[in-house]
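K.L.:
Pasting in a structure now, in structure tokens, and then I'll have a few things to ask.
The values are calculated or read from the model by the stated rules, or taken from the named source; none is laboratory data. None of these values were measured; they are calculated from a predicted model. Note that we place each Cβ from the backbone using ideal geometry, even for glycine, and neighbour counts take in every protein chain shown. Ligands, DNA and RNA are excluded from the accessible area calculation, which covers all protein heavy atoms including side chains. Shrake-Rupley method; radii C 1.70, N 1.55, O 1.52, S 1.80 Å.
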There are 2 protein chains.
Amino acid sequence: MTVSLASINQDCVDCPIRHRAVCARCDSEELERLEEIKYYRSFEAGQTVVWSGDKMDFVASVVSGVASLTQTMEDGRRQMVGLLLPSDFVGRPGRDHAHYDVVATTDLVMCCFRKRPFERLVDETPHIAGRLLQMTLDELDAAREWMLVLGRKTAREKIASLLAIIVRRDASLHFGEAKSEVTIDLPLTREAMSDYLGLTLETVSRQMSALKRDGVIVLDGKRKVVVPDVDRLMEEAGDDSDGGVLS
Amino acid sequence: MTVSLASINQDCVDCPIRHRAVCARCDSEELERLEEIKYYRSFEAGQTVVWSGDKMDFVASVVSGVASLTQTMEDGRRQMVGLLLPSDFVGRPGRDHAHYDVVATTDLVMCCFRKRPFERLVDETPHIAGRLLQMTLDELDAAREWMLVLGRKTAREKIASLLAIIVRRDASLHFGEAKSEVTIDLPLTREAMSDYLGLTLETVSRQMSALKRDGVIVLDGKRKVVVPDVDRLMEEAGDDSDGGVLS
DNA sequence: CGTCGATTTGAGTTAGCTCAAAAGAGGTGG
DNA sequence: CCACCTCTTTTGAGCTAACTCAAATCGACG
């Protein structure tokens, strides 16, 4: 299942995240400038991409796989603060040390840009700056939605919310048809889910079992989750049935 | 205590948030363009500035006072997702409906910009676009720090974290000297604090009492909080003693 | 002085946590 | 192909931090 570097097409034009990533709005000339400062890196599931506090001399887009941003307290309590799916952006222009641990949750390929030249490009290329602003605003919305989940939802609702988010992200990818039954690939261990949801892994497991018992989800192996009725899932998540907000 | 509109200087050059707000980097010509599309609005404590879902034809900076962004579930559970202090920005260019309730927590003055012209300015003025990106990234960091608070901290740590944040914001304003004793003005009711922290107001009250009993804070009336030892507060918050992160 | 909202305090309940053990699910090597 | 080992997940039993419901106190203002 590992994606080797050799199999990655180096050409932006054929890139799988071409029209969703930070480069989405670039014209071909701008893409050329990006090609000059970019390089790919791949990581195996479980590997740490960057440690919080480390010097970080690149920013990057997730090309394939899943990564997580997590914060850790001295006594070991951990909270995931970002779930990075393909096309998501990592790193902050204008800052040279990482604020969070970045960990590959699955095998991962990232398209990295050397930071200094990228910062220059941001300043000179409104297409990139604008897209970056838009993506940052989206992330801020996602973070705020997550604050509601963390602060006010029950364990069951938290699990349902996480599944709902993955369903929604998935749907916007293979986009279009709003099917009522959906099968998703769950790229997180119970522990990662607990880190995301501010729960213990035992509670996550218990609530997954409960949702299964109640027919909200069907587990197909460890990684596949079938959602027979997406609206039902949304109800369980405590969201409006209209499934989240329009931009 | 109400700030009347008349007392607000309409001239950007003398604006109290001139070098921290979205207009921080603007030159005098750019300020002139902003002056053309700006107007002030003031609100009394408790008033709602915008309802979630409403059409919003402006964006704005908080000039004085405090406002909050909150999300509400159908059954009434509420989570504050943003605390807006002077110089903070409200509204999202490129979106015309509000995603959150915006409520004046204290008497409030906002510097509003008509949305369409402002969006045009963002596109045409790198000084504004860049500053907006920077501010959005800062807000994202704040939101992520808050996710750790909501997901993993105890009630006592949550309270201490909130006080620490206000202390830190205050310090960066009257900036410079890192005093060990600080007095802060607490602009939130117990209920607002509970909305922010994902607690009940009873728990907030109990933990405030506990922190007072233990000498971490001294209450001076209802609105003033004396922190005799800021480092002690930081410890109680569970943060590294080095008081948060460098840019 | 009385009223109304905000805050504090009390008492009992419970959702989610902790600690502990059992059951799966892959891998690896004989 | 099976036995073994390790890592993940599930399940159980008891505990506790925070919640709920209720009442008392405080403070500002007319």
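K.L.:
Take the solvent-accessible surface of the protein heavy atoms, probe 1.4 Å, and return the percent of it on the protein assembly as shown that carbon and sulfur atoms account for.
P.N.:
Percent of accessible area from carbon and sulfur atoms in the protein assembly as shown: 50.
K.L.:
From the label point of A:VAL218, set 7 Å from Cα along Cα→Cβ, how far away are the matching label points in the other copies, in nm, ordered shortest to longest?
P.N.:
Label-point separations across copies, in nm and ascending: 6.7.
K.L.:
Please turn the phi angles of the range B:60-72 into ³J(HN,Hα) values with the Karplus equation 6.51 cos²θ - 1.76 cosθ + 1.60 (θ = phi - 60°), one per residue in order, whole Hz, x for glycine and proline.
P.N.:
Using θ = phi - 60°, the values come out as 7, 10, 6, 8, 8, x, 10, 10, 10, 9, 9, 10, 10 Hz.
K.L.:
Around A:LEU84, which amide H atoms from residues at least 5 apart in sequence, or from another chain, sit under 5 Å from its own amide H, with H modelled in the peptide plane?
P.N.:
For A:LEU84, whose amide H was placed from the backbone, the distant partners under 5 Å are A:ALA67, A:SER68, A:LEU69.
K.L.:
Let me ask another. Between A and B, buried accessible area summed over both sides at probe 1.4 Å, in Å² to the nearest 100?
P.N.:
That pair hides around 4300 Å² of surface in total.
K.L.:
Then there's this: Say R0 is 30 Å: what FRET efficiency, to the nearest 0.05, do A:ASP57 and B:ARG168 get from their beta-carbon distance?
P.N.:
Given R0 = 30 Å and the Cβ-Cβ separation, E is 0.60.
K.L.:
While we're looking at this one, here's another question. Which shape class applies to the range A:59-125: rounded if a/c is under 1.5, otherwise prolate when a/b exceeds b/c and oblate if not, where a ≥ b ≥ c are the square roots of the Cα gyration tensor eigenvalues?
P.N.:
Oblate, because a/c is 1.5 or more while a/b does not exceed b/c.
K.L.:
Something else: Checking the cross-link filter: which lysines have an alpha carbon closer than 21 Å to that of B:LYS222, excluding same-chain neighbours under 8 positions apart?
P.N.:
Partners within reach: B:LYS158, B:LYS212.
K.L.:
May I pose another question? Per q in 0.06, 0.09, 0.13 1/Å, what log10 I(q)/I(0) does a Debye calculation on the alpha-carbon atoms of the protein assembly as shown return?
P.N.:
Each listed q corresponds, in turn, to -0.28, -0.66, -1.43.
K.L.:
Further question on the same structure: Could you tell me the calculated FRET efficiency between A:GLU32 and B:LYS179, based on Cβ-Cβ distance and R0 = 60 angstrom, to the nearest 0.05?
P.N.:
Calculated transfer efficiency: 0.65.
K.L.:
Same structure, new question: Suppose a student asked you for the relative contact order of the range B:153-237, using Cα pairs under 8 Å spaced at least 6 residues apart; what percent would you report?
P.N.:
44
K.L.:
When the convex hull of the C-alpha atoms of the range B:150-189 is computed, what volume per residue in Å³ does it have?
P.N.:
With only Cα atoms used, the range B:150-189 gives 95 Å³ per residue.
K.L.:
Turning to a different aspect of this structure: Over its Cα atoms, what ratio of radius of gyration to 2.2 N^0.38 Å does the range A:9-146 give?
P.N.:
1.02
K.L.:
Then there is this: How large is ³J(HN,Hα), in whole Hz, for each residue of the range A:217-227 in order, when computed from phi with the Karplus curve 6.51 cos²θ - 1.76 cosθ + 1.60 and θ = phi - 60°, using x for Gly and Pro?
P.N.:
9, 10, 8, 10, x, 8, 9, 9, 10, 9, 10
K.L.:
What does the copy distance list look like for B:ASP14, label position 7 Å along Cα→Cβ, in nm and ordered from shortest?
P.N.:
6.5
K.L.:
Follow-up. On a C-alpha basis, how far is the centre of the range A:50-85 from the centre of the range B:85-130 in Å? Whole number, if you could?
P.N.:
29
K.L.:
Can you tell me how the range B:153-237 classifies by the Cα gyration tensor, rounded, prolate or oblate, using a/c under 1.5 as the rounded cut?
P.N.:
Since a/c reaches 1.5 and a/b is larger than b/c, the shape of the range B:153-237 is classed as prolate.
K.L.:
Let me ask you something else. Per residue, how much accessible area does the range B:102-247 show when a 1.4 Å probe rolls over the protein heavy atoms, in square angstrom?
P.N.:
Spelled out: the 1.4 Å probe surface of the range B:102-247, per residue, equals 45 Å².
K.L.:
Specify which residue in the list B:TRP146, A:GLN134, A:SER52 is farthest towards the positive end of the charge dipole of the protein assembly as shown, using unit charges on the beta carbon of Lys, Arg (+1) and Asp, Glu (-1), about the Cα centre.
P.N.:
Final value for the positive-end residue is B:TRP146.
K.L.:
List the lysines whose Cα lies under 19 Å from the Cα of A:LYS55, skipping any in the same chain that are fewer than 8 positions away.
P.N.:
A:LYS38, A:LYS115
K.L.:
For the charge dipole of the range A:154-237, defined by +1 on Lys and Arg C-beta atoms and -1 on Asp and Glu C-beta atoms about the Cα centroid, which residue among A:SER172, A:THR203, A:VAL227 has the Cα displaced farthest towards the positive pole?
P.N.:
Value: A:THR203.
K.L.:
Assigning unit charges at the beta carbon (Lys, Arg +1; Asp, Glu -1) and nothing else, what dipole magnitude in debye, to the nearest 20, does the protein assembly as shown show about its Cα centre?
P.N.:
Here the protein assembly as shown has a charge dipole of around 920 debye.
K.L.:
Now for a separate question. Need the per-residue list for the range B:124-166: every residue with at least 50 Å² less accessible surface in the complex of protein chains than in the chain by itself, probe 1.4 Å, sorted by number.
P.N.:
B:LEU133, B:THR136, B:LEU137, B:LEU140, B:ASP141, B:ARG144, B:MET147, B:LEU148, B:LEU150, B:ARG152
K.L.:
For a test of the definition: using alpha carbon positions, the gyration tensor, and the 1.5 limit on a/c, classify the range B:97-228 as rounded, prolate or oblate.
P.N.:
Judged from the Cα gyration tensor, the range B:97-228 comes out prolate (a/c at least 1.5, a/b above b/c).
K.L.:
Kindly state, to the nearest 0.05, the FRET efficiency for B:GLU235 paired with A:GLN10, given R0 = 35 Å and r defined as their beta-carbon distance.
P.N.:
0.10
K.L.:
Roughly how many Å is it from the Cα centre of the range B:180-219 to that of the range B:17-31, as a whole number?
P.N.:
Each part's Cα centre sits 35 Å from the other's.
K.L.:
Expressed as a rounded percentage, what relative contact order does the range A:9-146 have, with Cα pairs under 8 Å and six or more residues apart?
P.N.:
Taking the mean separation of contacting Cα pairs over the length of the range A:9-146, I get 33 percent.
K.L.:
About the Cα centre, and with charges only on the beta carbon of Lys, Arg (+1) and Asp, Glu (-1), how big is the dipole of chain B? Nearest 20 debye, please.
P.N.:
Once rounded to the nearest 20, the dipole reads 560 debye.
K.L.:
Kindly give the distances from B:GLU36 to its copy-mates, label point to label point, with each label point 7 Å from Cα along Cα→Cβ, as nm values to one decimal ordered shortest first.
P.N.:
3.6
K.L.:
Follow-up question, since we're still on this one. Each residue of the range A:94-100 in order: what ³J(HN,Hα) in whole Hz does its phi give by Karplus 6.51 cos²θ - 1.76 cosθ + 1.60, θ = phi - 60°, with x for Gly and Pro?
P.N.:
x, 10, 10, 10, 6, 9, 9
K.L.:
Hey, another quick one. Stokes-Einstein diffusion coefficient for chain A at 37 °C in a medium of 0.692 mPa s, Rh from the Kirkwood formula over Cα pairs: what value in µm²/s?
P.N.:
For these conditions, the coefficient is 172 µm²/s.
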